[in-house]
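Asker: Can you keep this structure in mind? I'll have questions shortly.
The values are calculated or read from the model by the stated rules, or taken from the named source; none is laboratory data. Worth saying up front: this structure is predicted, and the values here are computed from it rather than measured. Cβ: placed from backbone, ideal geometry, glycine included. Neighbour counts: every protein chain shown.
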(Lines give C-alpha, C1' and ligand atoms only; values in the text may rest on other atoms or scores of the structure.)
Protein backbone atom coordinates (compact mmCIF):
# COMPACT_ATOMS: atom_id res chain seq x y z
CA UNK A 1 0.00 0.00 0.00
CA UNK A 2 1.23 3.51 -0.78
CA UNK A 3 0.50 6.02 1.94
CA UNK A 4 1.24 9.71 1.75
CA UNK A 5 2.48 11.11 5.04
CA UNK A 6 2.07 14.88 5.29
CA UNK A 7 2.82 17.17 8.22
CA UNK A 8 2.31 20.73 6.95
CA UNK A 9 3.39 22.25 10.25
CA UNK A 10 6.84 20.68 9.97
CA UNK A 11 6.96 20.71 6.16
CA UNK A 12 7.15 16.91 6.11
CA UNK A 13 5.87 15.30 2.92
CA UNK A 14 6.83 11.75 1.96
CA UNK A 15 5.52 8.54 0.38
CA UNK A 16 5.80 5.25 2.25
CA UNK A 17 5.29 2.25 -0.05
CA UNK A 18 4.42 -1.30 0.89
CA UNK A 19 1.83 -2.28 -1.78
CA UNK A 20 0.39 -0.83 -4.96
CA UNK A 21 -3.02 0.81 -4.80
CA UNK A 22 -4.96 0.58 -8.06
CA UNK A 23 -8.22 2.50 -7.92
CA UNK A 24 -10.90 1.08 -10.16
CA UNK A 25 -11.76 3.15 -13.22
CA UNK A 26 -15.22 3.56 -14.67
CA UNK A 27 -15.98 3.96 -18.40
CA UNK A 28 -18.20 7.06 -18.24
CA UNK A 29 -18.81 9.06 -21.39
CA UNK A 30 -18.14 12.79 -21.50
CA UNK A 31 -21.87 13.44 -21.84
CA UNK A 32 -22.55 11.52 -18.61
CA UNK A 33 -20.22 13.91 -16.75
CA UNK A 34 -21.85 16.97 -18.33
CA UNK A 35 -25.37 15.78 -17.52
CA UNK A 36 -24.41 14.91 -13.93
CA UNK A 37 -22.93 18.40 -13.52
CA UNK A 38 -26.12 19.95 -14.88
CA UNK A 39 -28.30 17.76 -12.64
CA UNK A 40 -26.23 18.90 -9.63
CA UNK A 41 -27.21 22.50 -10.51
CA UNK A 42 -23.65 23.44 -11.45
CA UNK A 43 -22.19 25.25 -14.45
CA UNK A 44 -18.93 24.37 -16.20
CA UNK A 45 -16.46 27.27 -16.23
CA UNK A 46 -13.52 25.33 -17.67
CA UNK A 47 -12.69 21.81 -18.85
CA UNK A 48 -9.20 20.37 -19.23
CA UNK A 49 -8.21 16.98 -20.51
CA UNK A 50 -4.82 15.45 -19.74
CA UNK A 51 -3.25 12.63 -21.75
CA UNK A 52 -0.28 10.38 -21.11
CA UNK A 53 2.97 12.06 -22.14
CA UNK A 54 6.59 11.24 -22.88
CA UNK A 55 7.53 12.85 -19.57
CA UNK A 56 5.10 10.61 -17.68
CA UNK A 57 6.49 7.52 -19.43
CA UNK A 58 10.06 8.59 -18.74
CA UNK A 59 9.30 8.93 -15.01
CA UNK A 60 7.02 5.87 -14.85
CA UNK A 61 7.97 3.35 -17.59
CA UNK A 62 4.78 1.28 -17.09
CA UNK A 63 2.82 4.30 -18.34
CA UNK A 64 4.41 4.19 -21.81
CA UNK A 65 1.37 2.40 -23.24
CA UNK A 66 -0.79 5.44 -22.30
CA UNK A 67 1.16 8.06 -24.28
CA UNK A 68 -1.42 10.12 -26.14
CA UNK A 69 -4.41 8.47 -24.42
CA UNK A 70 -6.81 10.58 -22.31
CA UNK A 71 -6.22 9.91 -18.62
CA UNK A 72 -7.90 12.72 -16.71
CA UNK A 73 -10.69 15.23 -17.23
CA UNK A 74 -10.75 18.18 -14.81
CA UNK A 75 -13.72 20.52 -14.53
CA UNK A 76 -13.88 23.95 -12.92
CA UNK A 77 -17.47 24.35 -11.73
CA UNK A 78 -19.62 27.02 -10.13
CA UNK A 79 -23.16 27.03 -8.78
CA UNK A 80 -25.84 27.76 -11.38
CA UNK A 81 -27.53 31.15 -11.05
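Asker: Can you tell me which condition residue 74 does not meet? The list is (1) surrounded by 10 or more Cβ atoms within 10 Å (Cβ to Cβ); (2) at pLDDT 90 or above, and all the others hold.
Answerer: The one condition residue 74 does not meet is (1).
Asker: While we're on this one: Among the residues of region 63-81, which ones are under 17 Å from the mean Cα position of the chain (by Cα) and closer than 19 Å to residue 47 by Cα?
Answerer: 68, 69, 70, 71, 72, 73, 74, 75, 76, 77
Asker: Can you tell me which residue is modelled with the highest pLDDT among those in region 42-62 that are exposed (fewer than 10 other Cβ atoms within 10 Å of the Cβ) and more than 16 Å from the chain's Cα centre (by Cα)?
Answerer: The extreme case among them is 45.
Asker: Can you tell me which of 33, 12 is within 15 Å of residue 77 (Cβ to Cβ) and at pLDDT below 95?
Answerer: 33
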